[in-house]
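Quick note: the coordinates plus some simple rules give every number you see, no bench work behind them. Keep in mind that this is a model prediction, so the values were computed, not measured. Cβ sites come from the backbone with ideal geometry, for glycine too, and all protein chains shown count toward neighbours.
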Amino acid sequence: MKKYKEKYIEWLERKNNKNIKKTTSNKKKKSKKKFYDYIKDSHGNIYRIKINEKELKAPENFSIINNTEETVLYFYKIIQYIKTHSGSRFNALFFNVAHIKKMSIDAIMYLLAIIYNFNNLKTSILRIKGNGPRDKDIKRKMVSSGFFNMIKYKTSNIISNDNNTQEILYGELVDGIAASRVIKLAENYFGLKKCFKFLYNIIIELMTNTKSHAYGNSHFTINSWYLYAECIDDKMYITFIDTGLGIPDTILKKVLENLKDKYTKINRDAQYMLSALKGDFRTRTREKNRNKGLPEIFNYYKDNKIENLKIVSCYGKIDTHRQCYDINEYAIGINSYLYGTVFYLEIHKNNFQT
């Protein structure tokens with residue numbers, strides 16, 4: 001066996017270390033691949049233009065209802081970038097969700113809503129790209145939500161991959177057939193004969209809310225709704241996203257002036273939302289408690305038919321799952337603005353027929 005001198009061994013080690021550094025450097029260069037587009041001037045000359053790619057990294061806990069501050073800020077940055085660069089062919093937006101460790105369906109549904117809105121911007125030529133999560137369970141959940149199908153085919157038809165335990169629906173108007181599909185899911189999964197009225201009322205009121213929130217909407221988003229219903233064990237979990245105006249934005253300006261000094265600035269929107277749930281004032285539709293709406297849903301919660309109710313809209317959040325002694329403590333201010341409204345409800349199977 002050949003014996004190497006100490007100096008030669010040291011030289012080999014240095015060489016190996018250099019090779020390792022070189023390989024690592026090459027991998028980094030490959031990961032930072034540059035993208036180009038080509039333009040032709042009036043004389044027929046072709047020029048190569050670099051595409052400026054903006055990467056937005058999602059929070060590790062990707063959830064509007066459970067990690068509100070970070071996730072709402074993430075979506076706000078996305079929408080602001082799209083609004084600013086939608087007319088530029090030399091910019092690209094990259095959704096980075098590879099590293100997420102926790103995820104709730106509301107975050108994926110909201111991302112679906114943004115992509116659908118973007119696909120319907122006729123003037124937009126911005127490139128949008130992204131990756132998938134490394135975590136297998138999270139990736140499976142994202143696949144079953146129909147997220148990748150919607151991106152691939154650029155369609156609003158969200159196709160669920162598990163129709164026995166979940167329904168994923170989209171619409172722009174009040175849709176009784178869609179509501180009936182959620183009812184059928186609950187009846188089949190829990191073996192119920194009929195759970196029509198209670199569940200139907202909740203879904204229709206949420207859809208009606210979307211229609212009324214379309215009033216005066218000049219936001220980036222299209223007035224539409226996204227509904228996700230899933231049955232697990234003894235409960236149904238419902239996530240409903242309304243992409244029209246947020247609840248605080250629908251309140252009449254005159255009413256806002258009267259309430260402005262009543263609430264502290266930090267949680268003003270949340271207090272407006274709580275007042276809307278109580279039915280204290282009119283919205284821009286100028287109809288008090290239009291179809292009972294939010295107050296009826298809040299009454300279902302107070303009657304224990306809804307076990308957990310969370311709402312996020314504009315700069316406010318309602319969280320009934322908090323341990324507090326005063327109902328006003330359900331209202332929480334948030335630092336970033338959420339376009340539209342996210343509703344989250346949990347309903348036990350025993351409450352469907354009561």
query: Using a basic spin-label model with each label point 7 Å from the Cα along Cα→Cβ, how many nm lie between GLN80 and GLU53?
result: 2.3
- request: Would you please give the residues with an amide H less than 5 Å from that of HIS321, counting only those at least 5 places away or on a separate chain, with H modeled from the backbone geometry?
  value: LEU309
message: Using a Förster radius of 22 Å, what is the FRET efficiency between ASP326 and GLU70 based on their Cβ-Cβ separation? Nearest 0.05, please.
response: 0.25
- line: Least to most buried among VAL312, VAL97, VAL174, by other C-beta atoms within 10 Å and fewest first, runs VAL174, VAL97, VAL312
query: Going down the table (LYS77/LYS102; LYS57/LYS77; LYS197/LYS317), which pairs top 18 Å between alpha carbons?
result: LYS77/LYS102; LYS197/LYS317
Using θ = phi - 60° and Karplus 6.51 cos²θ - 1.76 cosθ + 1.60, couplings along region 126-141 (whole Hz; Gly, Pro as x): 5, 7, 10, 9, x, 10, x, x, 6, 4, 5, 5, 5, 5, 4, 5
query: Hey, fewest Cβ within 10 Å first, where do GLU230, GLU70 land in order?
result: GLU70, GLU230
field: Point-to-point label distance, ILE177-ASN131, nm (Cα→Cβ direction, 7 Å offset)
entry: 4.1
- request: Would you mind ranking TYR76, TYR300 so that the residue whose beta carbon has the fewest other beta carbons within 10 Å leads the list?
  value: TYR76, TYR300
